[in-house]
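Enquirer: Got a structure for you, written out below as structure tokens; questions coming shortly.
The values are calculated or read from the model by the stated rules, or taken from the named source; none is laboratory data. Please read these numbers as outputs of a predicted model, since none were measured by experiment. Virtual Cβ from ideal backbone geometry, glycine too; neighbours counted across all protein chains shown. Surface areas here come from the heavy atoms of the whole protein model, side chains and all, with no ligands, DNA or RNA. Shrake-Rupley method; radii C 1.70, N 1.55, O 1.52, S 1.80 Å.
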Amino acid sequence: MLTVIGAGGMGRAIARRLGSGKTVLLADYNEQTLATLAESLSAEGHHVESHPVDVSSPESVRTLAKYAASLGSVTQVAHTAGLSPAQATAHAILAVDLLGVALVLHEFGEVIAPGGAGVVIASMAGHLFPPLTAEQDAALAHTPAHELLQLDFVSQLDNPGIAYAIAKQANHIRVRAASTQWGRRGARINSISPGIISTPMGQQELASPVGDGMRSMIAMSGTGRMGTPDDIAAATAFLLGPDATYITGTDLLVDGGVVAAAKAGSPTT
Ligand SMILES: NC(=O)c1ccc[n+]([C@@H]2O[C@H](COP(=O)([O-])OP(=O)(O)OC[C@H]3O[C@@H](n4cnc5c(N)ncnc54)[C@H](O)[C@@H]3O)[C@@H](O)[C@H]2O)c1
């Protein structure tokens, strides 16, 4: 069975791409979003189950993981739930994007089937932000999930953009660390770092004060275009599928070349 956490733009594309012939468990905290997607996938012939979840709540994520296991062998998990800087405060972003990912990694790491795989949707923001220190990196990798938001350098964050970038870099770090827990069960876990993707969230960011900066990043990138949710679903299918059985604990940047262009800079001659 396929579990898709987050029933927004990317969750929808992943469920449609990978769901045929499987039980698809959809989970989101917005019950309206969840019901709309469940209805539309069912109408297309998918076998859909849905369950509400707040990924920032340990009990809620544990209940979801147990429910997933009760439906059958949990072979594929795609974690797409998230909040962006245009949508929320730093506090809410850290609760969902940093703590939520740690909780999903832990609880689904307890129920994932042998041979199964998971993908966490991080962000290119985690690559664009300067690397954290070795000490911060180790704390983000190994601090128990319920204590993550109390780490000094995390609890002080009040800028939503910086909180988002640190949470997303933390996703890369946490996925690396979780790969051994998942590996003990014969399962794999990776992240994908999307660039600017045309989903409700991506459109909201483009309409916000940082929109012009994002348009310049797209213009200078190798592909010169926004990503589609299907671009992310294709990368997810690869990482969750049989061609990726030697790939775990890593991040795949799917950003149309934005980070490459930003890091390479312009020619000086
Ligand atoms: N769209 C982009 O340009 C972009 C770029 C880089 C990374 N991302 C990341 O990709 C992921 C998916 O984003 P999307 O573009 O599909 O966004 P989206 O807004 O379409 O979907 C996100 C979903 O997460 C759900 N959600 C939010 N808080 C939740 C919570 N506490 N518990 C459960 N569900 C919750 C929302 O209800 C929504 O349905 C996010 O993690 C986002 O940060 C998006």
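Enquirer: Toward the positive end of the charge dipole of the chain, about the Cα centre and with charges on Cβ (Lys, Arg +1; Asp, Glu -1), which of Thr36, Ile112, Ser60 goes farthest?
Expert: Ile112
Enquirer: Related question: Search the structure for amide H atoms under 5 Å from the amide H of Gln76, placed 1.01 Å from N in the peptide plane, and list their residues when 5 or more places away or on another chain.
Expert: Counting only residues 5 or more places away or on other chains, the set is Thr3, Ala117.
Enquirer: Let me ask you something else. Over the range 115-269, average the accessible area per residue using a 1.4 Å probe and give it in Å², no decimals.
Expert: Values: 7460 Å² over 155 residues.
The answer is 48 Å² per residue.
Enquirer: Give me D for the chain in µm² s⁻¹, whole number, from Stokes-Einstein with Rh from the Kirkwood sum over alpha-carbon pairs, 10 °C and 1.306 mPa s.
Expert: Values: Rh = 18.5 Å.
The diffusion coefficient I find is 86 µm²/s.
Enquirer: Which value in deg cm²/dmol, rounded to the nearest 500, describes the helix-derived mean residue ellipticity at 222 nm for the chain, given -39,500 (n - 2.57) per DSSP H run of n ≥ 4 and division by the residue count? The partial results should precede the final answer.
Expert: Details: 13 runs with 129 residues, N = 269.
Counting only the DSSP helices, I get -14000 deg cm²/dmol.
Enquirer: Which distance in nm do the two modelled labels at Lys66 and Glu39 give, with both placed 7 Å along the Cα-to-Cβ direction?
Expert: For the pair Lys66/Glu39, the computed spacing is 3.1 nm.
Enquirer: Carbon and sulfur together cover what percent of the accessible area of the range 206-248 at a 1.4 Å probe radius? Can you show the working numbers first?
Expert: Details: 1500 of 2440 Å².
The nonpolar share, carbon plus sulfur, comes to 62 percent.
Enquirer: Still on this structure: Gain in length, Asn30 to Ile162, computed as 0.36 nm per residue apart minus the alpha-carbon separation, to one decimal in nm? Let's see the in-between values first.
Expert: Working: separation 132, 0.36 × 132 = 47.52 nm, distance 2.51 nm.
Extra length available between Asn30 and Ile162 comes to 45.0 nm.
Enquirer: Treat each spin label as a single point 7 Å out from the Cα along the C-beta direction, and report the His146 to Arg215 distance in nm.
Expert: Between His146 and Arg215, the simple spin-label model gives 4.8 nm.
Enquirer: Whole-Hz ³J(HN,Hα) for each residue in the range 50-55, computed from phi via Karplus 6.51 cos²θ - 1.76 cosθ + 1.60 with θ = phi - 60°, x for glycine and proline: what do you get?
Expert: Computed from phi, the couplings for the range 50-55 are 9, 8, x, 8, 10, 5 Hz.
Enquirer: What are the ³J(HN,Hα) values, in whole Hz, obtained from phi via the Karplus relation 6.51 cos²θ - 1.76 cosθ + 1.60 with θ = phi - 60°, for each residue of the range 193-209 in sequence order, with x given for Gly and Pro?
Expert: 10, x, x, 8, 10, 7, 10, x, 5, x, 5, 5, 5, 5, 7, 8, x
Enquirer: Okay, next question. If the cut-off is 13 Å between C-alpha atoms, which aspartates and glutamates fall inside it for Lys66, apart from same-chain ones fewer than 8 positions away?
Expert: Within the straight-line limit of under 13 Å, Lys66 reaches these aspartates and glutamates: Glu107, Glu110.
Enquirer: Calculate the FRET efficiency for Ala260 and Glu59 from the Cβ-Cβ distance with a Förster distance of 41 Å, rounded to the nearest 0.05.
Expert: On the way: r = 41 Å, r/R0 = 1.01.
Plugging the Cβ-Cβ distance into 1/(1 + (r/R0)^6) gives 0.50.
Enquirer: Near the amide H of Val120, under 5 Å away, which other amide H atoms are found, from residues 5 or more places off or on another chain, if H is placed in the peptide plane?
Expert: His79, Asn190, Ser191, Ile192
Enquirer: Now a separate question. Label 7 Å along Cα→Cβ of Arg225; the range 117-134 residues with amide nitrogen under 20 Å?
Expert: Under 20 Å, as judged by backbone N against the label point of Arg225, lie 124 of the range 117-134.
Enquirer: Would you mind checking which residues have amide H under 5 Å from Glu49's amide H? H placed 1.01 Å from N; only 5 or more apart, or other chain.
Expert: So Glu49 has HN proximity to Val24, Leu25, Leu26.
Enquirer: Same structure, new question: Going through the range 158-252, which chymotrypsin sites (Phe, Trp or Tyr not before Pro) have at most 12 other Cβ atoms within 10 Å and a DSSP loop state? Walk me through the numbers on the way to the answer.
Expert: Working: sites: Tyr164, Trp182, Phe238, Tyr246; in loops: Tyr246.
Sparse-neighbourhood loop chymotrypsin sites (Phe, Trp or Tyr not before Pro): Tyr246.
Enquirer: Okay, moving on. Along the Cα-to-C-beta direction of Gln204, a point sits 7 Å from the Cα; which residues of the range 1-45 have their amide N less than 13 Å from that point?
Expert: Zone members listed by number: 7-10, 29-30, 33.
Enquirer: Another question about this same structure. Percent of accessible area on the range 17-160 owned by carbon and sulfur, 1.4 Å probe?
Expert: Details: 3350 of 6380 Å².
Summing carbon and sulfur atoms, their accessible area is 53 percent of the total for the range 17-160.
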